[in-house]
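All remarks here apply to the structure that follows.
The values are calculated or read from the model by the stated rules, or taken from the named source; none is laboratory data. In this text the structure is predicted, and so the values were computed from the model without any measurement. Because the Cβ atoms are built from the backbone with ideal geometry, glycine has one as well, and the counts that use them run over all protein chains shown. Surface areas here come from the heavy atoms of the whole protein model, side chains and all, with no ligands, DNA or RNA. Shrake-Rupley method; radii C 1.70, N 1.55, O 1.52, S 1.80 Å.
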Amino acid sequence: MGRSRSVESLAVAALLVLAGCGGFVANGVDSSADQPTATGTAADTPSPDAANGTLEVHFINVGQSVATLLVSPDNETMLIDSGDFTDDGEYVLQYLDRQGIDRIDHFVVSHNDADHIGGNAAVIRHYESEENGVGVVYDPGIAASTQTYERYLDAVEVHNVTLYETREGDRIRFSGVETTVLGPPEPYLENRARNENSIVLRIEHGETSFLFTGDAEDDQEAYLVDTYGAALRSTVLKAGHHGSASSTSRSLLDAASPRTVVVSSAYDSQYGHPNNETLQRLAARSVPTYWTATHGDTVLTSNGTAVTVGTQRAAPTDPLSLRSGDPIEPGTTEPVTQRATYLPRSSPRTDTPAATDGGTPTENTSGDLIIDRVHADAAGDDWDNLNDEYVVFRNAGAEPLDMGGWTVSDEADHTYTVPDGFTLDPDETVTLHTGSGTDTDTDLYRGSERPIWNNGGDTVTVIDANNETVLERSY
């Protein structure tokens, strides 16, 4: 399915109105045996800890809109939204064609505003007429009185595409990963407001996870936090409502605790997206942020243990510096280059490092030191920008860590020793740069004259002053 793989189309009847989600688990009852599904049985979905292959998440630069392509480890495809009505799916279809996508197995409509369903009709027509079809469309079930919405439903009817009304607790069988539908709830929130009843998805691949909240605002975010709390924790968060001030709230950020955030909106957004209030909330939590308006198409790849981010442009990721980047037009075909790797945020006391000999995992004797971020690929030539190659460590414990004499090494055994007397306070971070500089409480410099961390993957090993392995993580 999905990318350059042909499959037999599902034989299903078109729906003029939204049907119930017969093919999903709802209220604890699995009725999938009575309905066609795009991916087979529940056994096809592995547990989150048993990751195989890679999951790709493509945030397509579509201007003041959003469209996200996911390609699962089993090569199935999911498209979440399709851009604005003003371009009629042009940017999305061009991007999908460049990626060799010949089928959309799962088409998720976060909600029916015209800036999210603008390409729905065009995508359905194209894949049903010229490619290998659309498997299933998932819709939150709240209609819009627009021509864009009417054209979308007409395309569903003409091409006999299955369309499910999708609610919290329903199941999407996206093969190779675990997909959880967290919204909209039953009954709908805020008198059926479309934004506040977006389809919300959390997708897990191994230890990594992605949270997609559509245009959820105050009420739906509050519902999510109250209902799920820490279960919202995700490696990557798509900023709600294009970075609006009414979304990506403090409580949601605290619950999701993302390693990185992606914002999809136009550089010259008439709505001021992303809003400065949102950017300030992200900056207060030191969350690296990617903006499609300046980074262009943004592709995140998870191998189950880490997420690597690639973008078309090397632009600032400090939330308060996003606007200093240069705009990149939608439809630009520049290649994507790897920029950074993020490790999932896990409990430091249960995050046991892997054994180097393939035997019993070694004990995490500190239990408190974790890796927030690995930035292996410096901007430009790595050799000329050594201080942009770095690792960010965090003390996730409740007590200060005396790290004097600890060593940090890579797979090639390039070793750095932390200066005597260096202490990392609780919930504080320190960035270890490859190049030279003056050490501070927040930045250390190993003084190397060559790059250390392998852009294609490496292992970070930390050993304490007693020669005990504190942390060992691969990316």
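Structural remarks
- Estimated translational D of segment 363-474 in µm²/s (Stokes, Kirkwood radius over Cα pairs; 25 °C; 0.890 mPa s): 175 µm²/s
- Ranked packing of 195-206, 303-314, most packed first, by mean Cβ within 10 Å: 195-206, 303-314
- Charge sum, other residues only, whose C-beta stays under 13 Å from T235's C-beta, Lys/Arg counted +1 and Asp/Glu -1: +3
- Cα centroid separation - segment 214-274 against segment 414-434, whole Å: 31 Å
- Taken as Cα centroids, segment 440-458 and segment 98-134 sit 43 Å apart, rounded to the nearest whole angstrom.
- Carbon and sulfur %, accessible surface of segment 363-474 computed with the full protein complex present, 1.4 Å: 39 percent
- Taking the Cα centre of segment 363-474 as reference, the dipole from Cβ charges on Lys and Arg (+1) and Asp and Glu (-1) amounts to some 100 debye.
- Whether segment 210-268 is rounded, prolate or oblate, judged on the alpha carbon gyration tensor where a/c under 1.5 counts as rounded: oblate
- Rolling a 1.4 Å probe across the protein heavy atoms gives segment 363-474 an accessible surface of 44 Å² per residue.
- 1.4 Å probe accessible area per residue over segment 61-152, in Å²: 27 Å²
- Electrostatic dipole magnitude of segment 151-232 [Cβ: Lys, Arg +1; Asp, Glu -1; Cα centre; debye, to 20]: 360 debye
- Burial order of peptide ranges 423-433, 73-83 (average beta-carbon count within 10 Å, highest first): 73-83, 423-433
- Mean Cα-pair separation over length for segment 363-474, i.e. relative contact order, pairs under 8 Å, 6 or more apart, %: 28 percent
- Between G141 and T166, the built amide H atoms are under 5 Å apart, and every one of these is 5 or more places off in sequence or on another chain.
- Taking the accessible area of segment 55-342, probe 1.4 Å, and keeping the other protein chains in place, the carbon and sulfur fraction comes to 42%.
- Positive-end residue, segment 55-342 charge dipole about Cα centroid, Cβ charges, pick of A306, H205, V263: A306
- Convex hull of alpha carbon positions in segment 55-342: directionally averaged projected area 12.9 nm².
- Dipole moment magnitude, nearest 20 debye, segment 73-215 about Cα centre, only Lys, Arg, Asp, Glu C-beta charged: 220 debye
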